[in-house]
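One structure is given here, and the rest of the page talks about it.
Bear in mind these aren't lab numbers, they're just calculated from the coordinates by the rules spelled out. These numbers come from a predicted model, not from an experiment. Don't worry about glycine lacking a Cβ; one is built from the backbone with ideal geometry, like all the others, and counts go over all protein chains shown.
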Amino acid sequence: MIELEEVRHAILQASVLPESSRKADAAVDGSFMKGRSLLERCLLHAHAAELKPKNSLRDFFIAGTVFFDALGRERSTLAMTTPTTFPLHEPEGRYEVAILRRWFEDAARPLALAFDGRNGNDYHARCLATASDVLSLRQRAA
């Protein structure tokens, strides 16, 4: 079984997180297949009950949010293989990119809020809210 840290590291290589500037190349540069492949492989582990640490899971969901946000700028649907345990699983494997983006954001939100509640600040909620802003900054710089 792939460890969650490996999953987190792999998906972050193909997505964007607010703390870094080298992001979303898999989706933005059109080579989204690597990002999609990583998501397919990692989704199974993201739903395992024993997942720890939760910050890695939060990062995975934020990375997925940004990946699908970037991909949504180029296409509205995609073919993807998901585990049957994935809440949005479609046996045909056709997905609306906007719906996947919203699901990943909705999955990240409670984790971000839980960390913020524990820490007594709003850092993680701000990271989630601004994650896609990195894509806007990248496009303006180009």
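Here are some notes:
- Peptides 101-108, 67-74, 82-89 ranked from most to least packed, by the mean per-residue count of other Cβ atoms within 10 Å: 67-74, 101-108, 82-89.
- At R0 = 35 Å, FRET efficiency that the Cβ-Cβ distance of Glu40 and Arg118 yields, to 0.05: 0.65
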